[in-house]
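First up is the structure itself, then whatever we jot down about it.
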């Protein structure tokens, strides 16, 4: 054996022993670590969420929007044309029924009235004389009837002129608050000119509509709660009038409620947000609507029963946007499964991931 070969063998042998020792030690370390780690078993049951069933007091409400309306409102206009001689009201002020607000020139009508009064006096004298002659058979009945008719015509003319004079005076038809003034003293007005507005806003009315499916559940006297847009204050009211037909365009029922407004903070035309209470149910059972499974002519759901999903047929009552009243089929303490409904089958093992 040559000297070179001997040198190569002497270099390889120590290296081979070192590699073998490393493999031996690394293998024992891995084996030791494997025996120390616990074995994890996977839970293959379907994870679901549940709703714990409890009884509660449920108030069935309708949320609607509407508009506030004055109890009484009128646009003040003249029945005749003429020049304004007096304005006896101030804008935005309260007035009483019968108060004189505006006067139109009536000088011509008063002159006609005086002339008619003179004619009346003459006609009354002639009627009195003719009546005396009739009692003595000095005139015929026909002549007396003619004189009497002339007197009645004059009296009717006087009533007509007095009625025309009354039209020259604009008076408040009811107690209320005047609006802005749109005419001035000395101006000429016609029936087309609006003088002002008069509104009675205590109490205030609220007009709103509800879907036709609730038409049978509302009646006069029912309570509402409403608030004006932009205000956090709530007001009470009650329904006093219901339109006796359904609007075919919107399929809604129009309703009018009334509410006290002594401080006059609620103005007509305001946007109102309304809560209408239909009925209240004590000890009602409500569940999330997503737990329901509609079937042919019935509803079912799944309940959690000690790790097993059980199907149960139920009867429903009132529905809201998010919840359903259960009339029969559930008891307080049941756990209704609300997730994974399409994956669950009767008797399937499940586990609760997040109860409410």
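With the helix formula -39500 (n - 2.57) applied to DSSP H stretches of n ≥ 4, the chain reaches a computed 222 nm mean residue ellipticity of -9000 deg cm²/dmol. Taking 56, 79, 142 in turn, the Gaussian network model of the chain (Cα-Cα springs below 10 Å) assigns the largest fluctuation to 142. A full extension of the chain between residue 160 and residue 67 corresponds to an added length of 29.2 nm, given 0.36 nm per residue minus the alpha carbon distance. Once semi-axes √(5λ) of the Cα gyration tensor in Å is worked out from the coordinates, which option in (i) 28, 24, 21; (ii) 44, 29, 23; (iii) 99, 30, 15 does it equal? Structure-derived value, by its label: (iii).
Where does helix 141-166 land angle-wise versus the long Cα axis of the chain, in degrees 0 to 90, nearest 10? Computed tilt is about 40 degrees. Relative to the longest principal axis of the chain, what angle (0 to 90°, nearest 10) does the C-alpha long axis of helix 107-135 take? The answer is roughly 50 degrees. Relative contact order of the chain, taken over Cα pairs closer than 8 Å and 6 or more residues apart, is 26 percent.
To the nearest 0.05, what FRET efficiency results for residue 47 and residue 236 with a Förster distance of 41 Å applied to their C-beta separation? Write down the numbers at each step before the final one.
Details: r = 48 Å, r/R0 = 1.16.
Given R0 = 41 Å and the Cβ-Cβ separation, E is 0.30.
Using a simple spin-label model with pseudo-atoms 7 Å out from Cα toward Cβ, residue 77 and residue 97 lie 2.4 nm apart. Taking each residue as 0.36 nm, the span from residue 120 to residue 275 lengthens on full extension beyond its C-alpha to C-alpha distance by 49.2 nm. Extension gain for the segment residue 229 to residue 192, taken as residue separation times 0.36 nm less the Cα-Cα distance, is 9.9 nm to one decimal. Rounded to the nearest 10 degrees, the inclination of helix 3-36 to the longest alpha-carbon principal axis of the chain is 50 degrees. If you plug the beta carbon distance of residue 295 and residue 265 into 1/(1 + (r/R0)^6) with R0 = 30 Å, you get a FRET efficiency near 0.05.
Peptides 262-271, 330-339, ordered by how many other C-beta atoms sit within 10 Å of their residues on average, highest first, read 330-339, 262-271. Using the Cβ-Cβ distance between residue 249 and residue 174 with R0 set to 35 Å, the FRET efficiency from 1/(1 + (r/R0)^6) comes to roughly 0.55.
Every number in this text was worked out from the coordinates using simple rules, so none of it is lab data. All figures in this text were calculated on a predicted structure; none of them were measured in a lab. Methodologically, a virtual Cβ is constructed for each residue, glycine included, from the backbone with ideal geometry; neighbour enumeration extends over all protein chains shown.
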